[in-house]
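The block underneath contains the structure these notes are about, expressed in structure tokens.
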Amino acid sequence: MMTPSASLLLLLLLGLSQAYPLEEEGSEEELQIDDDDTVDIGTRILTSNSASNEMLLEGDLLAPKTRNAMKCYSEKCLWKKGSNGLVTIPFTISSQFPRGEKQKIDSAMKSFYKRTCIRFSPRLNERDYISIENKGGCYSSLGRTGGRQELSLSRRGCIYHGIIQHELIHALGFQHEQTRSDRDSYVRINWENIDKQMAYNFQKQDTNNLNTPYDYTSIMHYGRTAFSIKRGKDSITPIPNANTQIGQRQGMSNWDIKRINLLYKC
């Protein structure tokens, strides 16, 4: 039988457990998902970039200045792997980001750590590095370009876990899923719903698909109305099942992670 003091202690503990529920276990990825996931990542990026003065290809890729083609799967544009088996990418981050936003960027970077050999490390004196800036939109270069390369995460619309991951994956060397060389077997591009001046954003690329399947769930896949000039009309329609969900709202898919590991031989 409990003593009065033991009963009182138990009641106090029960009260505290109800007032401060234990945090449910979950992966770092799950715990970092943004509360507002009603808008897909591609739509957020294109909306943020609508007023950008940069020459952006496919909506958020900086036009290459150091190479002729939008292609990155050779050793020249991949980040180097160290003797420890890790691919360490130096970065700097603008002082314009307040502490909370820096923490979000840091969390998105660390989401690569558990399942890939990619590591992001504050720059010391390395020649090649990513400079994370608060510029006019969400965009990145494709792969390692050499020297300082800008990765913009505008504070007006880009500080979301999935968007940060998306731009970092571009910096690793990956293009959008809907521009894969084999995309016509998996999606239909509705050219009639796309402004002719924007059609170049849907050109197929000579991609290295790493012997992996087309991934509708990839964080690198835009939503079905990307660049559409007709309200509510698809610019991208999955085939053969038009109801297949495309346009991520959360984070990297399993195939996104698998491809990073294949490309960098993790």
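Details
- Most to least packed among 113-121, 134-142 [average Cβ atoms within 10 Å]: 134-142, 113-121
- Just the protein heavy atoms count here, and of the accessible area of the range 139-180 at 1.4 Å, carbon and sulfur take up 36 percent.
- Sum of side-chain charges, F174 neighbourhood, beta-carbon under 10 Å (Lys, Arg +1; Asp, Glu -1): -1
- For the range 153-196, the Cβ-based charge dipole about the Cα centre amounts to some 200 debye (Lys, Arg positive; Asp, Glu negative; other atoms uncharged).
- Ligands, DNA and RNA left out, the accessible area of the range 73-128 computed with a 1.4 Å probe is 49% carbon and sulfur.
- A cut-off of 5 Å between modelled amide H atoms, ignoring neighbours fewer than 5 places along the same chain, links S121 with I89, F91.
- Amide H contacts of R144 (H built 1.01 Å from N, in plane; Pro and chain starts excluded): L78, W79 sit under 5 Å, all sequence-distant by 5 or more or on other chains.
- Extents of the range 93-223, taken as max minus min of Cα coordinates on every principal axis and listed largest first, are 45, 32, 26 Å.
The values are calculated or read from the model by the stated rules, or taken from the named source; none is laboratory data. Model, not experiment: these values are computed from the prediction. Don't worry about glycine lacking a Cβ; one is built from the backbone with ideal geometry, like all the others, and counts go over all protein chains shown. The accessibility values were calculated without ligands, DNA or RNA, using every heavy atom of the protein model including side chains. Shrake-Rupley method; radii C 1.70, N 1.55, O 1.52, S 1.80 Å.
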